[in-house]
Every structure is written in C-alpha cells, then in structure tokens.
Amino acid sequence: MRLVLLGPPGAGKGTQAKRIEERYSAVQLSTGDMLRAAVAAKTPVGLKAQPIMEGGGLVPDEIVVGIIAERLEEPDAAQGFILDGFPRTVGQAKALDAMLSEKGIALDAVLELTVNEDELVKRMETRVAETRAAGGTVRADDNPDAFRKRLVAYREQTAPLSDYYRGTGLLKTVDGMRSIDEVSTAVNAALDG
Ligand code: AMP
C-alpha cells in the first residue's frame with residue numbers, strides 16, 4: 001500500500017495512519033515527526049525549521065522533499081508507506097511524482113479526511129488539555145495563534161492538492177468528524193474498495 005493522507009491539522013491523520021499501518025503492511029512517514037526530531041536534535045535542518053514550525057508556517061519545499069527522498073530509500077519503505085503530512089504543496093506533490101516514477105512505482109490512493117474547522121480548534125484545545133493532565137509535553141505549535149496559521153496554510157497551500165489528485169483518479173474522501181472507530185471503518189472501506 002502506497003498512500004498519501006490529506007487533511008488539515010487536527011483532522012486525525014496521525015491516528016488513522018497508525019491504524020492503516022497495522023492493517024496493511026506499510027510504514028507511516030510523518031514529515032512533522034521527522035522535523036520535530038530534527039528540532040530536538042538541533043541539526044541544521046532543525047534549527048532552520050524550528051521558528052517556522054512554531055509560527056505555524058510551512059518549511060520550504062526543498063527541505064521536506066530532501067527529507068522524504070532520503071526516507072523513501074530506507075528498506076522498510078519498500079514494503080509500502082503512508083505519507084502523513086507530505087506533500088503539502090503542489091510543488092511537493094510534483095517532486096513526489098518525480099521521485100516515485102524514478103523508482104518505477106506509483107501511489108495506490110490519496111485519502112482525504114474532511115472536517116469542520118470550528119470543531120478542529122476545539123479538538124486541538126481538548127488534545128492540549130488531555131496532554132497536560134497526563135503530564136505530557138504539548139507541541140509548541142498547539143496554541144490558538146499557531147493553530148489558526150496552520151489552518152490558513154492548509155487552506156491556501158495544501159487544499160489545492162485535492163483537485164491535483166482528483167485529476168489523477170486517486171482521491172478518496174472520508175468524513176473525518178466521526179469517532180475514531182467510525183472513521184477507521186470508512187477508511188478501510190475506501191481503501192479496500
Ligand atoms: P504536522 O505534524 O504534520 O502537523 O507538521 C507540523 C509542522 O511541521 C507544520 O506546521 C509545518 O511547519 C512543518 N511541516 C510538516 N510537514 C511539512 C511539509 N510537508 N511541508 C512543509 N512543512 C511541513
């Protein structure tokens with residue numbers, strides 16, 4: 001299974017990616033997780049990405065394209081992958097197309113989780129409250145200001161990817177506002193169908 005997951009911040013992409021990972025043999029590749037690891041390790045990429053991520057903006061295409069190109073070379077990705085948070089711009093989607101065609105492989109599907117934006121802000125606030133209550137660390141970009149900027153970045157730069165992938169016949173859309181289990185059932189039906 002070679003899959004792209006699309007959906008705004010807080011739509012549940014990460015949660016669904018983990019379930020898809022278990023059901024199909026495919027590894028979850030999250031550029032957000034990779035960038036957060038680079039920030040924590042204070043690598044040159046991390047130092048460059050940190051202020052952009054904290055402000056809710058998008059890290060430049062060449063950085064994330066480079067990260068994904070390297071990651072797709074790892075042996076575990078040969079089994080299949082779920083791209084979670086990449087591509088996020090049409091430029092990244094085109095770079096991905098080029099990378100895959102060079103390898104002689106193609107995507108099986110692009111799954112979009114659709115949401116209600118007002119509900120997303122509430123979800124983010126609940127996630128922050130639950131994380132704090134459990135003594136966990138809250139993401140630096142999980143605050144109302146950065147979250148709103150992430151939503152704007154999604155609307156302006158990532159939402160056009162729905163049309164991009166609809167044009168290729170790969171796009172499948174699932175309502176992401178239902179419970180995790182209900183979304184998961186709909187996701188499986190979309191991927192199996
Ligand atoms: P995420 O965990 O997917 O919500 O990503 C967190 C942050 O990492 C985003 O708000 C961006 O600043 C950055 N980021 C993650 N993936 C990408 C990408 N594909 N392109 C640009 N920036 C990204």
* Subset of region 63-108 (residues that are in a loop (DSSP other than H, G, I, E, B) and of a type in the set (A, V, I, L, M, F, W, C)) -> PHE86, ILE105, ALA106, LEU107
* Structure fact -> The residue from GLY32, GLY57 that alone is closer than 27 Å to LEU120 by Cβ and either out of contact with any Asp or Glu (no Cβ under 9 Å at 6 or more places or on another chain) or open to solvent by 70 Å² or more (accessible area, probe 1.4 Å) (or both) is GLY57
* Near pairs, Cβ below 6 angstrom, 6+ apart or cross-chain, from region 9-25 (more than 23 Å from PHE147 (Cα to Cα)) to any residue that is of a type in the set (S, T, N, Q) and surrounded by fewer than 15 Cβ atoms within 10 Å (Cβ to Cβ) -> SER25/GLN79
* Structure fact -> The condition from (1) crowded, with 16+ Cβ neighbours inside 10 Å; (2) under 28 Å from VAL187 (Cβ atoms); (3) within 10 Å of the ligand (Cβ to nearest atom) that GLN50 misses is numbered (2)
* To do: Please tell me if ALA153 is modelled with pLDDT of 95 or more, out of contact with any strand residue (DSSP E or B) (no Cβ under 8 Å at 6 or more places or on another chain) and open to solvent by less than 20 Å² (accessible area, probe 1.4 Å).
  => yes
* Asked: Is it the case that ALA129 is farther than 25 Å from LEU3 by Cα, more than 12 Å from the ligand (Cβ to nearest atom) and modelled with pLDDT under 95?
  -> yes
* So which of ARG71, ARG123 is open to solvent by 40 Å² or more (accessible area, probe 1.4 Å), of a type in the set (Lys, Arg) and in contact with a strand residue (DSSP E or B) (Cβ under 9 Å, 6 or more places away or on another chain)? -> ARG71
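Taking region 132-147 as the search range and keeping residues that are in a helix (DSSP H, G or I) and more than 12 Å from the ligand (Cβ to nearest atom), which one is surrounded by the fewest Cβ atoms within 10 Å (Cβ to Cβ)?
Residues of region 132-147 in a helix (DSSP H, G or I): 132-133, 144-147.
Now drop any that are not more than 12 Å from the ligand (Cβ to nearest atom), which leaves 132-133, 144-145.
Values: ARG132: 11, ALA133: 8, PRO144: 11, ASP145: 10.
Taking the candidates together, the pick is ALA133.
The values are calculated or read from the model by the stated rules, or taken from the named source; none is laboratory data. Everything numeric in this text was worked out from a predicted model, so none of it was measured. With ideal geometry, Cβ positions are generated from the backbone for all residues, glycine too; neighbour counts draw on all protein chains shown. Ligands, DNA and RNA are stripped out before the accessible areas are found, and what is left, the full protein with its side chains, is counted by its heavy atoms. Shrake-Rupley method; radii C 1.70, N 1.55, O 1.52, S 1.80 Å.
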